[in-house]
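Below is one structure, written out as structure tokens; the observations come after it.
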Ligand SMILES: Nc1ncnc2c1ncn2[C@@H]1O[C@H](COP(=O)(O)OP(=O)(O)OP(=O)(O)O)[C@@H](O)[C@H]1O
Ligand SMILES: Cc1ncc(C[n+]2csc(CCOP(=O)(O)O)c2C)c(N)n1
Ligand SMILES: [Mg+2]
């Protein structure tokens, strides 16, 4: 151990020994019989349920800027992983954390743990294990969620005629990339830029909406790479296509005020929004549209039998769309 740093086992118990909460009393038998402290954690799904699990890695310089505050890094890392559970309609229970850090600064770790704890407590989930190593800053989080047997929402169920829905406005997080250096002054910048930065640094995984969509939506995905690229995953898995309505692509007024006509292409292709995109039969949309959880839901298009993506433009013409979106290689 060097000055101002802390050893591996000390840091695990101090900063990660008690992150998040899980209320076992909600269930008849223990769901997490073993958490942090043994070679494995143990999860025991209640009768009639299965476990959905997903892992996401965030790499410094690729998924977040080197300048990011440890608080926002902790929060954002957990949020993007939870978003995949939301897309399947799973209720999060627990997560594991593989943390690679260049040095073990107690101040940095306390803030990272605080950001992660805040979101973990909001969703009543517990950190149950992980791995800590020295190296370039990289965070991997695996999340575990419960869903009643056979009720997880897959990408492969979209049907011709379903409405293509999105859970909220898009493009703000993508537009924030040009303002990331303003993170430290977030409280002082103008309302528009603060709105963009909040969407980037504190995405809100749509867990409750995902659970409501079980046995309602025919398919769902979370929007990490951009609406077109992510809907295209649904389209390919379901052997369908999509017709989008240009007028319905949801962009916030604050995004439009800041970037003008660029808003629409950011909404379609920039990614990082972590809203849900789902395919819903029209009559179920009519039944659900009055629900509180549907207040930001927008119908952006319709599923077509013909493969490929198209846009119905404001002038009535149709054009072929390229799915685009973020790709790593
Ligand atoms: N290295 C890997 N080994 C095995 N399976 C993988 C690997 N990388 C990705 N996958 C699987 O491929 C599928 C698509 O992965 P991907 O990471 O693109 O998911 P996503 O939800 O579209 O994106 P995001 O990373 O933004 O959550 C998932 O089922 C995932 O588990
Ligand atoms: C500093 C910085 N530069 C660029 C981006 C944009 N970005 C990077 S990865 C990705 C898709 C999701 O990744 P994955 O598919 O690995 O989940 C997006 C939209 C960012 N977030 N931060
Ligand atoms: Mg996903």
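Each value in this text was obtained by applying a stated rule to the coordinates, not by laboratory testing. Values in this document were obtained by computation on a predicted structure and should not be read as measured data. Heads up, the Cβs are rebuilt from the backbone with ideal geometry, glycines too, and the neighbour counts pull from every protein chain shown.
Quick look at the values:
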| quantity | calculated |
| --- | --- |
| DSSP-defined antiparallel bridges as percent of all bridges, region 8-148, nearest 5 | 70 percent |
| Length released on extending from residue 313 to residue 121, taking residue separation times 0.36 nm less the Cα-Cα span | 64.8 nm |
| For the chain: rounded, prolate or oblate by the Cα gyration tensor [a/c cutoff 1.5] | oblate |
| Protection-proxy order for peptides 286-294, 16-24, 208-216, each taking the mean of Cβ atoms within 10 Å per residue, highest first | 208-216, 16-24, 286-294 |
| Principal-axis tilt of helix 106-122 within the chain, Cα atoms, nearest 10 degrees | 50 degrees |
| Cα Rg over Rh - region 155-321, Kirkwood | 0.98 |
| Beta bridges by DSSP in the chain, antiparallel share as percent, to the nearest 5 | 75 percent |
| Extension gain (nm, one decimal) between residue 98 and residue 7, 0.36 nm per residue minus Cα-Cα | 31.1 nm |
| Computed over region 1-98: relative contact order in percent, which uses C-alpha pairs under 8 Å that are six or more apart | 17 percent |
| Helix-only [θ]222 nm of the chain, DSSP H runs n ≥ 4, -39500 (n - 2.57) each, per residue, nearest 500 | -8500 deg cm²/dmol |
| Gained length - residue 34 relative to residue 66, 0.36 nm times residue gap less alpha-carbon distance | 8.0 nm |
| Helix axis angle, 70-88 relative to the chain longest principal axis, alpha carbon, degrees | 50 degrees |
| Helix 227-238 axis, angle to the chain major axis (alpha carbon atoms, nearest 10°) | 80 degrees |
